[in-house]
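What follows is one structure encoded as structure tokens, with my remarks underneath.
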Amino acid sequence: MNTRSPLHALRTGALAVVLAVVLATLALPAALAQQADAEPARGGTLVVAMFDTVAHLNPAITTGGSVHAVADSIFDGLVRLDADGTPRPALAEAWEVLEDGRIYRFHLRDDVTWHDGEPFTARDVRVTFEEILLRFHTRTRGGLGDLLEEIRTPDAHTVEFVFDAPYAALLQRLDVSEAPILPAHLYEGRDPLTHEANRAPVGTGPFVFERFRRDDRIDLVRNDAYFRDGLPYLDALTFRIIPDPVTRMLALERGEVDHVLGFPASEVARAGDDVVVRTVPHSAGGSFCQFKLAFNLDRAPFDDARVRRAFAHAVDRATLLERVAFGQGRVATGPISSDLDAWHADDLPTYPLDPARAETLLDAAGLPPDADGVRLEADFLHFPMFTRHAETIRQDLAQVGVDLRMVALDRASYVARVYGDRAFDVGFISSCNNADPSIGVAPMHVSSNVAPAPFSNAPGYRDAEVDRLFAEAATDPDPERRRALYDAVQHRLVEDLPYLWLIERRYHQASTPAVRGVETHRTSAFTRTWLDR
Amino acid sequence: MSGYLARRLLQTIPLLLGVAAVVWGMIEVAPGDPIVAIAGEDGDPAYYAEMRERFGLDRPAPERFAAYLGNVARGDLGTSYRLQRPAAAVVLEALPATLLLVAPALLLATLLGTTLGTLAARRHGSRSDAALSALSLTGQALPVFWTAQLLVLVFAYRLAWFPVQGMEGLRGDAEGLARLADVAHHMVLPVAALTLQYAAPVARVARASVVDVLHRDYLRTALAKGLPAGRVLRAHALRTALLPVVTVVAAQMGFLVTGSVLVETVFAWPGVGRVMLGAMLARDLPVVTAALLLLAVAVVLANLLADLLYAALDPRVRDA
């Protein structure tokens, strides 16, 4: 017998309708958000907080992160790198690689003007490289200086880079952070270090410089004549320099700023619902950064690979990542970051946490424990900001009889002791791979770079085979062969351990929910940014 | 009086040269050189060598010292390595922002400290005296960095009465009176942090001084004659009691830069303290020296002012 009354059916139907409406309402914001993501709104000012002051705004004479965080929105490179590192057209609309990688020919856009109205031409590219980048941009100078034979400009909109030998990584070196193009009509024949345009820059980029108050604020406005159609979306971009991390975060939560560069990992878990945290694989200073220990190979007992391997077995990298780096990143396995997956080898030898094995290795290296259980004492140099990392590592090593003396030094002192005087045993280093191993990895390992220069080959590592592999990989235009060369070099380095790679570092930016379209893979991140207010 | 002034000002010249020499020596023996700040990181050795030569950093220390001192004597404080601009200009540009915090803070601290100290002295030995003394001791012991953070958390973050940071709002450009109001609004918390810092020692000195004066015979006489206590205090006691306060306020000028480094960092305030901190970390010697010379001038002027005030307050000094 059917017990259901018509009324019951009606109630059920009504319930279904109500449910459907509720579900639809719940789904609506998500749908709206998707729709909103698809159709950016124009206008508004984005206020960005950054931590470090800016001395000038010429990105071609420095690799400094804070200068690039601002200036990369004012200038352009010949190419721009996509989220996966693929080169895309920017000031160059097309290019050809000729003679097996010995010549790169770039066809420049003919519709680009400088912010002061002058047309952009091949002369700008040649003058920028010859007079500025190859002399003052340390990475471009170090990477291309010895290899580049000449820069030819057959016509106003064609540029050719001619190398002595085939060169593989040029395109990765041409985005705005590595090779911003400056106006020749202002800089040619002038000293780029003291040029007045360094404080009032003229670029081709999405935003035009408006005002610069040191230690306070930098204002940029939209370039209405920008060559990428419809971009940028924002009317203006204001950078506020806020050195204290807590103040930066409170300013974001109170809505005084919209976006924060360099959001501390320690605050990620604490951030409320009104803060959107974005994890990025790079800092303002470079991409794909790693924490590592550098051993001074000129000093006993660190010249003994068994001692270095003992360190590798003793340091609990997983706990370091979880407890000190707040889980923000990955455990590092070798010199090339796993984020550079085209080149990272995933079958490298591993050094699992094994204090007993570490002690065996130290015994074998002739370092038995004394009456107090101490086998070895050493100076451990680090920046004050890495004190907690260093302390954790010190505790791990104390378990196996290694007594590290912590020496916290500010940047200038650290650079002088580690790279200048080489007066250290072990140093804590944060350094970046950048877009290609030839840019950020090779210089830290090749013997020609054992030198009194910051972030050179700190261990003093000299290995002819490693030198050869890096040199060949840099010049081989064939990706398959490059991959094999980088595989070989990674295996050799992980066997030898001139460094102990600890953590692949993630960085954070944070914003209010209204901020959309931040391109976290690049330093000029705001070309597609818009405000959903 | 003008002869005295001129003599005092002339005496500052060797003092300033001395300061320049000491600062130069201190930076010279500190490890690290400005080359990273000038040339950046990841560079090749030839580049660093080139930059050292260009900025004269490759020359022997005595030679650099002689050249530097010669320039300072001529009033040329050199060019900032990092900013490539005259060091004096860099510091002087930031000075108004710092004075905007320090001047009202000193004034308020003097008023607040003197008032609290006098109140405590009048109730000498009472519970409120003990409470005020404890309060001023605590005030003096608390690091200004901490006080500043606390003010931000309570009054900017929780209550949202004031902005968290900066000297001006970033959205839209206020003009005229609106801009003044905006800056004043931004000034409240940093000035409060500095005022609390400066007021505590003033209160302690003022209390001790007033207590001391109140026990002197001429005041006992005045009180014995039946004059009202408040009037005795205002007309007779304060004038004498304020002398040590003048000294302590002048001495606070010495903390002008140290206090402002911390407060300016917390509030992202673009003043001399921020300039000096950045310059020290970058080993930007000309800017560090310029900032410290400015501080030395401030201390000298503050002491001069204190002496003049002493003379105004105490006829014995004036007539001597």
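The values are calculated or read from the model by the stated rules, or taken from the named source; none is laboratory data. Just so we're clear, the structure is a prediction, and the values are computed from it rather than from any experiment. Positions of Cβ are backbone-derived with ideal geometry, glycine not excepted, and every protein chain shown enters the neighbour counts. Just the protein is used for accessible areas: all its heavy atoms, side chains included, with ligands, DNA and RNA removed. Shrake-Rupley method; radii C 1.70, N 1.55, O 1.52, S 1.80 Å.
I'd like the FRET efficiency for B:Ser126 and B:Leu150, computed as 1/(1 + (r/R0)^6) with the beta carbon distance as r and R0 of 35 Å, rounded to 0.05. For B:Ser126 and B:Leu150, the calculated efficiency is 0.75.
Here region A:403-457 is described by how far its Cα atoms reach on the three principal axes: 35, 22, 19 Å, from widest to narrowest. A:Phe386 label point, 7 Å along Cα→Cβ, cut-off 18 Å on backbone N: hits in region A:56-81? The answer is A:65, whose backbone nitrogens lie closer than 18 Å to the label point. Taking the Cα centre of each part, how many Å lie between region A:287-323 and region A:124-147? Their Cα centres are 34 Å away from one another. For A:Asp164 and A:Thr86, the FRET efficiency from 1/(1 + (r/R0)^6), where r spans their Cβ atoms and R0 equals 22 Å, is about 0.25. Of the DSSP H helices in chain A, those with a Cα length along their own long axis of 27 Å or more and a mean Kyte-Doolittle hydropathy reaching 0.0 comprise A:6-38.
Charges were assigned to the Cβ only: +1 to each Lys and Arg, -1 to each Asp and Glu. The resulting dipole of region A:79-199 about its Cα centre is roughly 300 debye. For A:Arg80, the residues 5 or more places off, or on other chains, whose built amide H falls under 5 Å of its own are A:Arg88, A:Ala90. Spin-label model, A:Asp478 to A:Asp341: label points 7 Å out along the Cα-to-beta-carbon direction sit 2.5 nm apart.
Between the Cα long axis of helix B:127-141 and the first principal axis of chain B there is an angle of about 10°, rounded to the nearest 10.
The trypsin sites (Lys or Arg not before Pro) of region A:262-359 that meet both conditions, a loop assignment by DSSP and at most 14 other Cβ atoms within 10 Å of the site Cβ, are A:Arg270.
Starting from the Cα gyration tensor of chain B, multiply each eigenvalue by 5, take the square root, and state the resulting semi-axes largest first in whole Å.
Details: eigenvalues 377, 142, 54 Å².
Semi-axes, largest first: 43, 27, 16 Å.
Shape analysis of region B:143-250 yields a ratio of the Cα radius of gyration to the Kirkwood radius, Rg/Rh, of 1.22. A simple rule links phi to the HN-Hα coupling: the Karplus curve 6.51 cos²θ - 1.76 cosθ + 1.60 with θ = phi - 60°, which for region B:83-93 gives 9, 6, 9, x, 4, 4, 5, 4, 6, 5, 4 Hz, with x for Gly and Pro. Rounded to the nearest 10 degrees, the inclination of helix B:272-281 to the longest alpha-carbon principal axis of chain B is 40 degrees.
In percent, what relative contact order does region A:410-533 have, based on Cα pairs under 8 Å that are 6 or more apart in sequence? All intermediate terms of the calculation are to be shown ahead of the outcome.
Details: 111 pairs, mean separation 17.3, N = 124.
Worked out over region A:410-533, it gives 14 percent.
Nonpolar atom fraction for region A:33-162, defined as the carbon and sulfur part of the 1.4 Å probe accessible area, stands at 43 percent.
Using the Cα atoms as the points, what is the convex hull volume per residue of region A:155-237 in Å³?
On the way: hull volume 14.0 nm³, N = 83.
Expressed per residue, the convex hull around the Cα atoms of region A:155-237 is 169 Å³.
Shape verdict for region A:298-347, please, from the Cα gyration tensor: rounded (a/c under 1.5), prolate (a/b greater than b/c) or oblate. Because a/c hits 1.5 or more and a/b fails to exceed b/c, region A:298-347 counts as oblate.
Between A:Ser447 and B:Ala67, the simple label model (points 7 Å from Cα in the Cβ direction) yields a spacing of 3.7 nm. Assuming charge only on the beta carbon of Lys and Arg (+1) and of Asp and Glu (-1), the dipole of chain A about its Cα centre is about 1500 debye to the nearest 20. Normalised per residue, the accessible area of chain A is 39 Å², obtained with a 1.4 Å probe and no contribution from ligands, DNA or RNA. Helix B:238-252 and the longest principal axis of the Cα set of chain B meet at an angle near 20°.
The mean sequence separation of alpha-carbon pairs under 8 Å and at least six residues apart, normalised by the residue count of region A:183-243, gives a relative contact order of 25 percent. The Cα center of region A:42-64 and the Cα center of region B:11-32 differ in position by 34 Å.
Free of any trypsin sites (Lys or Arg not before Pro) that DSSP assigns to a loop and that have at most 11 other C-beta atoms within 10 Å, the longest stretch within chain B is B:75-224. Under the shape rule built on the C-alpha gyration tensor, where the axes satisfy a ≥ b ≥ c, region A:60-168 is rounded, since a/c falls short of 1.5. Where a ≥ b ≥ c are the square roots of the eigenvalues of the C-alpha gyration tensor, would you call region B:60-216 rounded, which needs a/c under 1.5, or, failing that, prolate if a/b is larger than b/c, or oblate? Oblate.
Give me the percent relative contact order of chain B, please, defined on Cα pairs under 8 angstrom at least 6 residues apart. Here the relative contact order equals 27 percent. Looking at region B:79-181, the chymotrypsin sites (Phe, Trp or Tyr not before Pro) that sit in a DSSP loop and have at most 13 other Cβ atoms within 10 Å of their own Cβ are B:Trp161.
What is the Cα radius of gyration of the protein assembly as shown over 2.2 N^0.38 Å, N being its residue count? Show your work: numbers first, answer last.
Details: Rg = 31.9 Å, N = 853, 2.2 N^0.38 = 28.6 Å.
For the protein assembly as shown, the normalised Cα radius of gyration comes out at 1.12.
Note on B:Leu10 and A:Arg462: the model spin-label points, each 7 Å out from Cα along the C-beta direction, lie 6.4 nm apart.
I'd like the mean, over residues of B:266-279, of how many other protein chain beta carbons sit within 10 Å of each residue's own Cβ. It would help to have the intermediate numbers written out before the result.
Working: counts 5, 3, 14, 2, 7, 2, 1, 1, 6, 3, 0, 3, 6, 0.
Mean shielding count: 4.
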